[in-house]
Amino acid sequence: MPRYGYGIASTALWLSLLLGSCVGKQNESTLQLQTFDHAILNGSNIWSNKDLEVTVTANANEVENDDDGAKTDRHEALLAQSSIIYGLTEVANASNVNPICHAQLKHVQRSILNKQPWALKVLDASGGKPSGFIFGQNYWLGSREACSSMQRPLGITLSKQYKRQMHNGLITQKSPFDMDYRVIYLRHNSPWQVELKVMSEQIIHIGLCLPSSCKSSEIQQLTSDYMAGSFKDSDIFEMQPEVLYVKDLKLRDVFYDRLSFKLVVGFVLVTCAFMLCAQQLSVAKQLPADGHADGAGLAPVESEIWRALHFLLKWRPVQSFVSCYDVANNWRRIVATRENRSSEIPLLNGLRSVCAVGILIFHVMWFMYFTVHNKATLLAYGEQIFFQYISSAPLLVDVFFTISGFLQTYNFLRNTEQLQAIRDNGSIANVKLFSKLLFHRYLRLVPLYLIVIGSVDLVFAYIGDTSVYHINERFDEICSQHWWRNLLFIQNFYDFNDLCLNWSWSLACDMQFFLIANAILFLYVKHPKSAKLLTLAGLAVNIVWSFGIGIKSNFEFSIDIVYGTSSQIYINPIVRVLPYIVGSIVAFCLAERRVSYQLSEGQQRWLWHICLLVFLICIHSTVKRDLGYMITIALFALGRICFSLSVCWMIVGSATGRGVWWSRLLEARCFQHLNRVSYAFYLLNPLIISLIYGLSSSSTHADPIMLVCNFDCLPGVHCFFNGIRVAIQQFVKFVIKKTKNYLIL
């Protein structure tokens, strides 16, 4: 048993040194700690009743003996009104908090008045009301890092050669008891803040550095008492705050019990195993035939593993499956480029890639919205003509719908063998063929989709516990209940706020459009006239429906109306099918040679430029957002037809070998790289953006420079890796805790 104890102690010491490497060492010239009169204030965490009584009494005597009592009273009154952390210490009493918390809060209060360095650091680390409230500054976060320095002094070396005016204890003095950074969330009802009606912009975040002995429920009650008293008296903005909850920013143990955690960990382990098998298979194929059986040429451990897997990997289907996990081969395929074939439409690679980047920029602005402290200003930038490429980026989804409709119809009608099989088959055989095509598409989309659903559930559960922000879109709670909707691709039939992975609505629409288009194409092979009439009827119904739903909801391009009608218009498959139908009709005309035209080279060049002009006009058509709902819905419905037709001309022109200088740029081979990973890019980018911003400790300021540069890359990457480091720390602590419990048992 003693050996186990020494092992655990040494392991814990090693891990603490490894994980705490961010705190630098201090030399003797910097390490000038302040001494206290009582042992309890010299770093001891053992609080006795006697210590509590002596500490509070001693500090009370210091204040009573102050020669300038009136000045102290003014300081106290000013601090009670302006400082939330001081206000909580003032309203704390023995009836609303536990004894230890009460004593420590009172000690913080007296130490602030006595200007103890550690207490002033507590005051400085706690948030207060900043400027900019009218335009959305609801993040009174203080400094999480400064609160952490209460127990871990800042690792910085300062030379004695320079004379400094600072107090020596600012860097080195630690609090006499453990302090934690907590965030209090309250909803205000102030009429003096621009109300945007977009997500939860009325939630105030207050970061406070408080004693660890105070429970979250006690802090919530203290805050309610303070908001109803001193804070309310000095509030000129008429906030009428309502305390919602308190977060201690600690990852709960239940996180590791989530099904998504087990699935994601299992997926990572299985993927690593398949990668190992693929690597061994790749090496084995390079060996002589007699070396495959005994593992000759491999290292001893690899040889043993290979012998264990050799029998299973002899089966050809297993080899083909495992080869998909060959990292080196996959990387070569991604980075490789080739000449465009005559049967391909090379412009599609560039068109998809450019639109994917545009949607990425919009996702950055949308999924960082919960961190922006000047939301009204951000949306005002979005209405300026220069930034229409960001605010109108959702229109680019129509480009993908147009491409999908075009390719679905064009490839179907060019497959002569499949067309002949449909003509010869009976109803049952065609149903089987239809089901086979549907299953093939489903199998292509679902594996990665399922993994992303599990990852989103896990990531949002993590940032929900540890992020300083109130997360409005709690996908961890939604996905755990409604994941089956995504697997059936019917999530867009429900309210936008109830979507698991709300950016995946377009994937559900695309699957539904594929299903309907295939059914109509099957019908076209048997009954061409019926299929044509059904397609034209669908186009007419779409336009009428769009006008009807727009008139019913008084649709405008203002951000609050667009957000409020997301379920009825933005993700509604009946409204969004328009570009898919247009793309399908153009593909039918091209495949069946129903439209023939003869244009000179100059006329073709002008038509290309007009097509680009129409595309850009549609992107910038929302610069005027208060046109009235009739004009707006007409622009929305008919403008999208023009937009889809401009995209169709690009596709047809590229398919027939025509083009101009800017279309040749979109046909460049470099776009093949992004096009190969576009599906994963589409699914993962909102997850990564939310994780990066969710792990930051300070709110985001939106300005034109940031909008032009997309987002501040370096701080984002720093926050991302810092969050990963914190996650690893907490996971290691969890493993150590479980190991200790196991050894005790």
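The values are calculated or read from the model by the stated rules, or taken from the named source; none is laboratory data. Since we're looking at a predicted model, the values are computed, not measured. So basically every Cβ, Gly included, is an ideal-geometry build from the backbone, and we count neighbours across all protein chains shown. Areas reflect the complete protein model, heavy atoms only, side chains present, ligands, DNA and RNA absent. Shrake-Rupley method; radii C 1.70, N 1.55, O 1.52, S 1.80 Å.
Which of (1) part of a helix (DSSP H, G or I); (2) touching a residue at least 12 places away in the same chain (Cβ under 8 Å); (3) not aromatic (Phe, Trp, Tyr) does VAL254 not meet, given it meets every other one?
In the conditions (1) part of a helix (DSSP H, G or I); (2) touching a residue at least 12 places away in the same chain (Cβ under 8 Å); (3) not aromatic (Phe, Trp, Tyr), VAL254 misses (2) alone.
Say whether the condition of being out of contact with any His (no Cβ under 6 Å at 6 or more places or on another chain) and closer than 30 Å to LEU448 by Cβ is met by at least one residue in the stretch 236-252.
First pass over the stretch 236-252, keeping only residues out of contact with any His (no Cβ under 6 Å at 6 or more places or on another chain): 236-238, 240, 242-252.
Keeping just the survivors that are closer than 30 Å to LEU448 by Cβ gives 251-252.
Yes - at least one qualifying residue is present in the stretch 236-252.
Which fully enclosed helices (runs of 4 or more DSSP H) of the stretch 83-181 have 3 or more residues being under 32 Å from the mean Cα position of the chain (by Cα) and touching a residue at least 12 places away in the same chain (Cβ under 8 Å)?
Working: elements: 84-91, 99-113, 117-125, 144-148, 169-172.
Answer list for the stretch 83-181: 117-125, 144-148.
Could you look through the stretch 449-492, keep only residues that are in contact (Cβ under 8 Å) with a residue 12 or more places away in the chain, of a type in the set (Phe, Trp, Tyr) and over 26 Å from SER143 (Cβ atoms), and pick out the one that is most open to solvent (accessible area, probe 1.4 Å)?
If we take residues in the stretch 449-492 being in contact (Cβ under 8 Å) with a residue 12 or more places away in the chain, of a type in the set (Phe, Trp, Tyr) and over 26 Å from SER143 (Cβ atoms), then TRP483 is most open to solvent (accessible area, probe 1.4 Å).
If you check LEU627 against the conditions, is it part of a loop (DSSP other than H, G, I, E, B) and in contact with a Leu (Cβ under 9 Å, 6 or more places away or on another chain)? Don't jump to the end; show me each part of the working.
Details: part of a loop (DSSP other than H, G, I, E, B): yes; in contact with a Leu (Cβ under 9 Å, 6 or more places away or on another chain): yes.
Answer is yes for this residue.
Look at GLY657 and say whether it is small (Gly, Ala, Ser), free of Cβ contacts under 8 Å to residues at least 12 places away in the same chain and not in a helix (DSSP H, G or I).
Values: small (Gly, Ala, Ser): yes; free of Cβ contacts under 8 Å to residues at least 12 places away in the same chain: yes; not in a helix (DSSP H, G or I): yes.
Against the criterion (small (Gly, Ala, Ser), free of Cβ contacts under 8 Å to residues at least 12 places away in the same chain and not in a helix (DSSP H, G or I)), GLY657 qualifies.
For the stretch 324-375, which residues satisfy the criterion of being among the aromatic types (Phe, Trp, Tyr) and open to solvent by 40 Å² or more (accessible area, probe 1.4 Å)? First the steps, then the outcome.
Restricting attention to the stretch 324-375, the residues satisfying the condition of being among the aromatic types (Phe, Trp, Tyr) are 325, 331, 362, 366-367, 369-370.
Hits for the stretch 324-375 are TYR325, TRP331, PHE362, TRP366.
Can you tell me which residue among LEU269, LEU287 is out of contact with any helix residue (DSSP H, G or I) (no Cβ under 6 Å at 6 or more places or on another chain) and at pLDDT 70 or above? Break it down into steps so the answer makes sense when it comes.
Details: LEU287 fails: at pLDDT 70 or above.
Criteria check complete, one pass: LEU269.
Could you please give the count of residues in the stretch 561-617 that are of a type in the set (D, E, K, R), under 20 Å from ILE490 (Cβ atoms) and open to solvent by 30 Å² or more (accessible area, probe 1.4 Å)? I'd like the intermediate steps shown before the answer.
Of the residues in the stretch 561-617, the ones of a type in the set (D, E, K, R) are 576, 592-594, 601, 605.
Those still in the list that are under 20 Å from ILE490 (Cβ atoms) too: 576.
This time we only want the ones that are open to solvent by 30 Å² or more (accessible area, probe 1.4 Å), so: none.
Final tally of qualifying residues: 0.
Just a yes or no: is a residue in the stretch 579-598 at pLDDT below 85, of a type in the set (Ser, Thr, Tyr) and over 28 Å from the mean Cα position of the chain (by Cα)?
Of all residues in the stretch 579-598, those at pLDDT below 85 come to 592-598.
With the extra rule that they be of a type in the set (Ser, Thr, Tyr), the set shrinks to 596-597.
Going one step further and asking which of them are over 28 Å from the mean Cα position of the chain (by Cα), we end up with 596-597.
Scanning the stretch 579-598 turns up at least one residue that is at pLDDT below 85, of a type in the set (Ser, Thr, Tyr) and over 28 Å from the mean Cα position of the chain (by Cα).
Being crowded, with 17+ Cβ neighbours inside 10 Å and modelled with pLDDT of 90 or more is the filter; apply it to the stretch 653-684 and report the residue that is farthest from the chain's Cα centre (by Cα).
Selected residue: TYR682.
Before we move on, is ILE184 within 30 Å of TYR563 (Cβ to Cβ), of a type in the set (A, V, I, L, M) and open to solvent by less than 10 Å² (accessible area, probe 1.4 Å)?
Working: within 30 Å of TYR563 (Cβ to Cβ): yes; of a type in the set (A, V, I, L, M): yes; open to solvent by less than 10 Å² (accessible area, probe 1.4 Å): yes.
Here the answer is yes, as ILE184 does meet what is asked.
Going through LYS197, LYS174 one at a time, which residue ends up being within 17 Å of GLY136 (Cα to Cα), open to solvent by 50 Å² or more (accessible area, probe 1.4 Å), modelled with pLDDT under 90 and basic (Lys, Arg)?
Result of the check over LYS197, LYS174: LYS197.
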